[in-house]
Amino acid sequence: MVQIAILQGLQIATVLCCAPLLRGIINRLKAIVQSKRGPSIWQPYRDLWKLLHKGSVVSEHASWVYHVAPIFSFITPLIVAMLIPVLTAYPLPYAFMGDMLAGGFILSLGGFFTSLAAMDTASAFGGMGSSRARVVSLLAEPVVILVLFSVTLIAHATIPFVVNQTLISASYLYNPAHWLLAAALFMVILAETGRIPVDNPSSTFELSMIEASRTLEYSGQELALMEWGGAMRFFVLLTILSHTSSETIAAAARGREGRMTYAQEIPPPFERVLYRPLVHAVEGLTRRARIIQSGNVNQYVAYIFIIVLIVLILRAI
């Protein structure tokens with residue numbers, strides 16, 4: 001029982017501590033490809049430390065929503081981390097408290113309060129960013145539901161641990177539908193987390209921001225919670241993607257019945273050597289593809305929808 005409690009705490013600590021590092025690595029890779037020196041991979045930790053020691057400037061129009069939103073943005077990824085396999089391949093005590101839909105609703109709760117807080121301050125840029133973020137969600141969420149439906153159709157379950165064990169089995173691991181589903185989920189993650197081609201997280205032009213404009217009115221400790229929560233959300237989503245399309249930790253944790261083991265790879269090898277460079281490569285390609293696509297979010301979501309439809313067709317054949 002003590003071992004399980006320790007593992008549960010380690011899962012939360014992994015998401016809490018490694019999320020800023022993931023953002024630092026991505027920023028570093030982007031700078032290298034652009035022939036720039038770029039910041040250190042530890043820069044996000046320095047930024048968070050600096051913000052946590054600063055005071056806050058609050059709008060006179062702000063209500064309780066403004067102060068509650070950073071807490072929800074920070075806590076929701078940690079709650080989801082208790083429901084998904086981060087370090088173990090067997091269910092931990094809170095694994096069956098919610099399925100994939102519950103995890104999606106919990107993550108959406110943080111985004112919902114962030115959008116409300118952006119409009120709560122009566123800021124023009126915050127309202128614009130909140131409106132754009134809701135439009136992107138309106139287009140992406142039906143596709144997300146279709147992706148979850150496809151996963152449920154394949155695994156016949158919605159509990160993350162059960163789904164993971166099914167998708168990494170020999171009959172599904174190298175199935176084309178499996179990898180198309182992983183590609184569709186990856187594209188959805190880029191849209192939901194405000195990455196290129198939907199949004200540019202490094203942009204400083206207020207009129208083109210989506211995610212960043214929702215936190216323009218925050219400063220100090222509350223901004224640190226918002227930034228940290230956004231990094232943890234991205235880390236959690238990539239962890240889900242990693243376990244959807246590879247064995248990694250789950251295979252390492254298999255053993256005799258009744259024996260409890262766990263892998264000590266933090267983060268998973270596939271996530272470190274494949275998905276992080278893949279995120280950067282896709283961002284570079286989509287940045288060039290925007291010349292042809294003209295930044296049309298509808299077309300981007302349509303691509304995901306077509307991929308998921310192909311998955312359903314392959315499953316039906």
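FYI, it's all coordinate maths here, none of it is from the lab. Nothing here was measured: the structure is a model prediction, and the numbers come from that model. Cβ: placed from backbone, ideal geometry, glycine included. Neighbour counts: every protein chain shown.
Residue exposure proxy: Ile189, Ile4, Ile41, ordered by other Cβ atoms within 10 angstrom of their Cβ from fewest to most, comes out as Ile4, Ile41, Ile189.
The calculated FRET efficiency for the pair Glu60 and Phe105, based on their C-beta separation and a Förster distance of 41 Å, comes to about 0.80. Checking the a/c ratio against 1.5 first, then a/b against b/c, what shape does the Cα gyration tensor give for the range 87-151? Judged from the Cα gyration tensor, the range 87-151 comes out oblate (a/c at least 1.5, b/c at or above a/b).
Using r as the Cβ-Cβ distance of Ser40 and Ser219, and R0 as 25 Å, what FRET efficiency do you calculate, to the nearest 0.05?
Values: r = 23 Å, r/R0 = 0.93.
About 0.60, to the nearest 0.05.
Residue order for Met209, Met128, fewest other beta carbons within 10 angstrom first, comes to Met128, Met209. The peptide list 79-86, 101-108, put in order of mean Cβ contacts within 10 Å with the highest first, becomes 79-86, 101-108. The HN-Hα couplings worked out from phi for the range 30-42 by the Karplus form 6.51 cos²θ - 1.76 cosθ + 1.60 (θ = phi - 60°) are 4, 5, 5, 5, 8, 6, 10, 6, x, x, 5, 5, 8 Hz, whole numbers, x standing for Gly and Pro. The modelled label-to-label distance between Ser137 and Val33, using points 7 Å beyond Cα along the C-beta direction, is 2.8 nm.
Model label sites at Ile313 and Val162, defined 7 Å from Cα along the beta-carbon direction, differ in position by 3.0 nm. Shown for Arg214, Arg46: other C-beta atoms within 10 Å of each C-beta, ranked fewest to most, produce the order Arg46, Arg214.
What does the convex hull of the Cα atoms come to per residue for the range 1-75, in Å³? Walk me through the numbers before you get to the answer.
Values: hull volume 11.2 nm³, N = 75.
Expressed per residue, the convex hull around the Cα atoms of the range 1-75 is 149 Å³.
Computed from label points 7 Å out along Cα-Cβ, the spacing between Leu52 and Ala122 is 3.4 nm.
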